[in-house]
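These notes are about the structure you will find just below.
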Amino acid sequence: QVQLVESGGGLVQAGGSLRLSCAASGRTFSTYNIHWFRQAPGKERDFVAGISRSGGITYYADSVKGRFIVSRDNAKNTVYLQMNSLKREDTAVYYCAAAFSSVGPGARMEIWGEGTLVTVSS
């Protein structure tokens with residue numbers, strides 16, 4: 001069973017950048033499609049980005065397209081979310097999640113991390 005741990009969150013000024021990491025334990029990491037979600041205070045959890053097992057297919061929410069980049073290094077059992085041109089509305093707890101069967105916003109997530117907080121100040 002894969003376990004996921006997010007890191008890299010913190011406080012950043014609007015316009016700045018952060019890189020989140022999702023580190024996984026377990027030998028089967030490369031068999032999972034990995035996704036990023038976020039949940040702002042008082043709001044539902046929303047899809048942010050997803051990447052296929054090999055990294056060849058990626059999906060992004062419209063709100064982050066062109067600003068965020070998802071990538072993975074299967075040798076390091078890690079998925080990254082590079083976040084650029086951050087806005088105040090990007091403030092949220094960011095979660096990574098693993099799906100075995102498919103990739104994208106409609107995939108069924110089977111494993112979730114605990115989340116990392118990103119705060120964007122003006």
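Are there trypsin sites (Lys or Arg not before Pro) in the range 13-122 that DSSP puts in a loop and that have at most 11 other Cβ atoms within 10 Å, and which ones? Don't skip to the answer; put the middle values down first.
Working: sites: 19, 27, 38, 43, 45, 53, 65, 67, 72, 76, 87, 88, 108; in loops: 27, 43, 53, 65, 67, 87, 108.
Those that pass, being in a loop and sparsely packed, are 27, 43, 65, 108.
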Task: Candidates per chymotrypsin sites (Phe, Trp or Tyr not before Pro) in the range 56-105, loop by DSSP, up to 16 other Cβ within 10 Å - done: 100
- [ ] Enumerate the calculated ³J(HN,Hα) couplings along the range 6-20 in order (Karplus 6.51 cos²θ - 1.76 cosθ + 1.60, θ = phi - 60°), each rounded to whole Hz, writing x wherever the residue is Gly or Pro.
- [x] 8, 7, x, x, x, 9, 9, 7, 4, x, x, 10, 9, 10, 8
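Give, as a single signed number, the net charge of other residues whose beta carbon lies under 15 Å from the beta carbon of residue 102, with Lys and Arg counted +1 and Asp and Glu -1. Walk me through the numbers before you get to the answer.
Working: positive: 53, 108; negative: 110.
Counting the neighbours of residue 102, the net charge comes to +1.
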TODO: Would you work out the charge dipole size for the chain about its Cα centre, treating the Cβ of every Lys and Arg as +1 and the Cβ of every Asp and Glu as -1, and quote it to the nearest 20 debye?
DONE: 200 debye
Task: Per-residue HN-Hα couplings for the range 100-117 [Karplus 6.51, -1.76, 1.60; θ = phi - 60°; Hz; x = Gly/Pro] - done: 8, 7, 7, 10, x, x, x, 5, 8, 7, 10, 9, 10, x, 8, x, 9, 8
Open item on the list: Amide H of residue 48 versus every other amide H placed in the peptide plane: which residues, excluding those fewer than 5 positions away on the same chain, fall under 5 Å?
Closed with: 36, 37, 38
TODO: Please list the non-local residues whose amide H lies under 5 Å from the amide H of residue 115, H modeled 1.01 Å from N, same-chain partners needing a gap of 5 or more.
DONE: 6, 96
Task: Extension gain from residue 19 to residue 100, taking 0.36 nm per residue of separation minus the Cα-Cα distance - done: 26.7 nm
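Cβ under 14 Å from residue 70's Cβ, residue 70 left aside: what net charge do those residues give with Lys, Arg +1 and Asp, Glu -1?
Values: positive: 19, 38, 53, 65, 67, 72; negative: 6, 73.
Neighbour charge sum, excluding residue 70 itself: +4.
If you take every residue apart from residue 15 with its C-beta less than 15 Å away from the C-beta of residue 15, what net charge results, scoring Lys and Arg +1 and Asp and Glu -1?
Summing Lys/Arg as +1 and Asp/Glu as -1 gives +1.
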- [ ] Apply the Karplus parameterisation 6.51 cos²θ - 1.76 cosθ + 1.60, with θ equal to phi minus 60°, to every residue of the range 41-56 and state each ³J(HN,Hα) to the nearest whole Hz, in sequence, with x for glycine and proline.
- [x] x, x, 10, 6, 6, 10, 5, 10, 7, x, 9, 6, 3, 8, x, x
Open item on the list: Testing the spin-label approximation: label points 7 Å from Cα along Cα→Cβ at residue 31 and residue 61. State their distance in nm.
Closed with: 3.0 nm
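Quick note: the coordinates plus some simple rules give every number you see, no bench work behind them. Values in this document were obtained by computation on a predicted structure and should not be read as measured data. Glycine gets a Cβ as well: all are built from the backbone with ideal geometry, and neighbour counts include every protein chain shown.
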